[in-house]
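Handing you this structure, nothing more for now.
The values are calculated or read from the model by the stated rules, or taken from the named source; none is laboratory data. This is a predicted model, so every value here is computed, not measured. Glycine gets a Cβ as well: all are built from the backbone with ideal geometry, and neighbour counts include every protein chain shown.
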């Protein structure tokens, strides 16, 4: 396990090394929040409540959602595709490390820099610049766990998409399609409450809501009872397990291609 | 030295070969086109869902928003198709491979951009045209020849703005190596182009009109066709802003090309 | 007329001082801690048309910086630099018309295109007329038999094949000067020989000036009449290759793995070699990082066989290799006064 933490630290180092790029990530998020603020203000157009969400809650949801988007966008699939295409993947196969765990820890390392530079400043801005009233609630306690589970689900999906590089020349198409499907169906761009009731019911049984909607609801409506949150976490954990098993199976299939075709 | 005509001929020669080469990855092309199609639909579906809960957005109806969005899709296609290489600049710079572009007796931006021709962008262009036609029928717009010409000029100006933003952001790679965050920022801000600029107040409306002119990408041009009575005089500035911005972008690129020293010894 | 004229040419870079570790990386985010590196430090040289010049030196010596200035990529910090009477940096496109450049590690062919299509594109870029184009390709075919490769995509070629095609491409427009950067790196002996004879032939038939940067002293021996050695941005030697040839021709390095090696072994070896072969034995000993001991011998003074025999009888040697002197060692020898 210690070895895997070295990957985590290594990836964090890479994240910090490009200095100006870093400042731009922060700047980018500030611009995004300003735009989101105005857009949602005109969507509410003076209304107190839309689909059960106040303006403050909607803004919190959307702005925090965009930081989770940055957090989850770790390019694992792209990195893997590159390793598969160039054949360097065989190096990992000869070492006593698990390729999926190796990738998971590198990815967490990469993402932890965005927690410091994007997620935390965003939360700070929301409460101190945009003056969103802070509602005390248990949701905040469950939020980190929920975020981690969302991260793992997303990682498993990215991992599976990365594996598709065994079959196609470029993963752009698959990766983009996944990202689009996730961003629409997970509630990343629009809270699921805005969808028609029938659609909502379908979306709630898909894995995508566990990646954005669930963690975001914990912060948007933190003052619910702990049982509700535990149930939400249970659903997320279930999806994390399902996607993990699915990606493992896919790996076992894909690796056969490598064995047959050669490195 | 090559003349403009020779550059154009060369471009067709290179792209014809490039497309032939890409055709080996046919499955890839199909999947990418599907991806492109979905990504165009995403914003649209968000509009549709959103308008379930609200009657209009800052006074604009759903179909008007679709029209603006369709205009945006068309305007972004030239950037997507012809300037896709901008996303790869940072890799070429990181690896030092960029050095090769200096060795040929041609314009470096031309040489660099000519190396990619993004076929999947054609899907987006087609989808944009179809949507524009659909929404203008639903809105009962009429298209005399003069208006079509203005549309073409408006698309051209908007395209230049989009190309400029992307190339300028990509050029940051000459100084910061990893230009991705800068490109990602530009890309993200651009996503807001299909929203009415009137949602912004005071200094922000000014900023998105003059400093980061995303208003010129879709909103001001579309306004001319949708509600000519409300048209802002700014619309007529669009070609100037497009050309001026591109000239500035070219300067920045050139500065980058001249200041880049190459990695290693 | 002189083709390349360089007088007091310098180039310095500002480089950010990076700090170690995660803390250091965060500190670097806001640091303004720069140092200046003199990559090229006041060099002067003239190159005549038709010369083949070996431009060599260890890594980081300033070779590529000089080449980048000569090709118009980098602006010199100081000094005069003219190629064909023009300043390369101010006339990049015009200069590119009369230059060819080949990099050993990366191709300039269009990656996904069949080789012949790359050639055709180059024909348009350099405005080579059809007759000359056909003539050139015919000549290259005679020299190396490339035709079979023309229909293949550049990315499917082996490194050696790609190199041959890259060299062909760089000569298509009949340039006045061609820069070859490590043209034989990573290639096997037979293809190396092929590339060397191609270069010689092109130089002979067309009087093309060739500037060769390489780590492979074999390339230099086979191709160059003149050699320029650069280190730390300064020219160490500029002149006939014969004189330098004696240096790397006469020297050989014995790489030894000595059993139960310790610091004391090295000292003992030193002492006993001096004891046996006398003070002017011309033998230097160095320890490399991977527990090999390098014994470099000047064969003009002490026969290699004698040294080897002596060591084998007096020490327990587990493994031994004989290698030609490295670029780094040539440079060290020159510093030590070997050319004086």
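Can you tell me which residues in region B:235-265 are in a helix (DSSP H, G or I) and within 14 Å of chain C (Cβ to nearest Cβ)?
Hits for region B:235-265 are B:254, B:255, B:256, B:257, B:258, B:259.
Being out of contact with any helix residue (DSSP H, G or I) (no Cβ under 7 Å at 6 or more places or on another chain), more than 26 Å from residue B:138 (Cα to Cα) and surrounded by 15 or more Cβ atoms within 10 Å (Cβ to Cβ) narrows it down to one of B:255, B:185, B:237, B:245, so name that one.
B:237
Residues are listed down the side, and each one gets a yes or a no for (1) farther than 19 Å from residue C:336 by Cα; (2) at pLDDT 80 or above:
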{"residue": "C:247", "(1), (2)": "no, no"}
{"residue": "C:261", "(1), (2)": "yes, no"}
{"residue": "C:272", "(1), (2)": "yes, yes"}
{"residue": "C:276", "(1), (2)": "yes, yes"}
{"residue": "C:287", "(1), (2)": "no, no"}
{"residue": "C:293", "(1), (2)": "yes, yes"}
{"residue": "C:296", "(1), (2)": "no, yes"}
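From the list B:200, B:224, B:204, which one is under 25 Å from residue A:42 (Cβ atoms), more than 14 Å from chain A (Cβ to nearest Cβ), surrounded by 15 or more Cβ atoms within 10 Å (Cβ to Cβ) and at pLDDT 85 or above?
The conditions single out B:224.
Do you know which residues across region C:25-71 are in a loop (DSSP other than H, G, I, E, B), more than 7 Å from every other protein chain (Cβ to nearest Cβ) and modelled with pLDDT of 90 or more?
C:48, C:49, C:50, C:51
I need the full set of residues from region B:110-137 which are buried (at least 19 other Cβ atoms within 10 Å of the Cβ), in contact (Cβ under 8 Å) with a residue 12 or more places away in the chain and closer than 23 Å to residue C:68 by Cα, in order please.
Once the filter is applied, which keeps residues that are buried (at least 19 other Cβ atoms within 10 Å of the Cβ), in contact (Cβ under 8 Å) with a residue 12 or more places away in the chain and closer than 23 Å to residue C:68 by Cα, region B:110-137 yields B:112, B:113.
When the residues of region B:217-234 are filtered to those that are in contact with a helix residue (DSSP H, G or I) (Cβ under 7 Å, 6 or more places away or on another chain) and in a loop (DSSP other than H, G, I, E, B), which remaining residue is nearest to residue B:102 (Cα to Cα)?
Here the residue is B:217.
For region C:84-93, does any single residue satisfy the condition of being at pLDDT 85 or above, assigned by TED's automatic domain parsing to the domain that holds residue C:239, buried (at least 18 other Cβ atoms within 10 Å of the Cβ) and touching a helix residue (DSSP H, G or I) at 6+ places or on another chain (Cβ under 6 Å)?
For region C:84-93, residues at pLDDT 85 or above, assigned by TED's automatic domain parsing to the domain that holds residue C:239, buried (at least 18 other Cβ atoms within 10 Å of the Cβ) and touching a helix residue (DSSP H, G or I) at 6+ places or on another chain (Cβ under 6 Å): present.
For region A:21-45, enumerate the residues that are touching a strand residue (DSSP E or B) at 6+ places or on another chain (Cβ under 8 Å) and within 7 Å of chain B (Cβ to nearest Cβ).
A:42, A:43
Mind checking which residues of region B:96-109 are within 17 Å of residue C:111 (Cα to Cα) and surrounded by fewer than 19 Cβ atoms within 10 Å (Cβ to Cβ)?
Residues satisfying the conditions are B:96, B:97, B:100.
So that you can scan it fast, the table gives a plain yes or no per residue for (1) in contact with a helix residue (DSSP H, G or I) (Cβ under 8 Å, 6 or more places away or on another chain); (2) under 26 Å from residue A:81 (Cβ atoms); (3) crowded, with 22+ Cβ neighbours inside 10 Å; (4) in contact (Cβ under 8 Å) with a residue 24 or more places away in the chain:
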position	(1), (2), (3), (4)
A:121	yes, no, no, yes
A:125	yes, no, no, yes
A:130	yes, no, no, yes
A:136	no, no, no, yes
A:139	yes, no, yes, yes
A:145	yes, no, no, yes
A:150	yes, yes, yes, yes
A:154	yes, yes, yes, yes
A:158	yes, yes, yes, yes
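In addition: Looking only at region C:92-132, how many residues end up being within 14 Å of chain B (Cβ to nearest Cβ) and in a helix (DSSP H, G or I)?
Of the residues in region C:92-132, 17 are within 14 Å of chain B (Cβ to nearest Cβ) and in a helix (DSSP H, G or I).
Using beta carbons and a limit of 6 Å, which pairs, at least six apart or on different chains, have the first residue in region A:166-191 and within 7 Å of chain B (Cβ to nearest Cβ) and the second one buried (at least 21 other Cβ atoms within 10 Å of the Cβ) and assigned to a loop (DSSP other than H, G, I, E, B)?
Short answer, once both residue conditions are applied: A:183/A:189.
Moving to a separate point now. What's the number of the condition residue C:252 fails, among (1) at pLDDT 80 or above; (2) in contact with a strand residue (DSSP E or B) (Cβ under 6 Å, 6 or more places away or on another chain); (3) surrounded by 17 or more Cβ atoms within 10 Å (Cβ to Cβ)?
Answer for residue C:252: the failing condition is (1).
While we're on this one: Among what's in region C:72-82 and is within 13 Å of another protein chain (Cβ to nearest Cβ) and touching a strand residue (DSSP E or B) at 6+ places or on another chain (Cβ under 9 Å), pick the residue that is nearest to residue C:48 (Cα to Cα).
C:72
Please determine whether any residue of region C:133-155 is closer than 22 Å to residue C:182 by Cα, part of a helix (DSSP H, G or I) and either out of contact with any helix residue (DSSP H, G or I) (no Cβ under 6 Å at 6 or more places or on another chain) or within 13 Å of chain B (Cβ to nearest Cβ) (or both).
Yes, region C:133-155 contains a residue that is closer than 22 Å to residue C:182 by Cα, part of a helix (DSSP H, G or I) and either out of contact with any helix residue (DSSP H, G or I) (no Cβ under 6 Å at 6 or more places or on another chain) or within 13 Å of chain B (Cβ to nearest Cβ) (or both).
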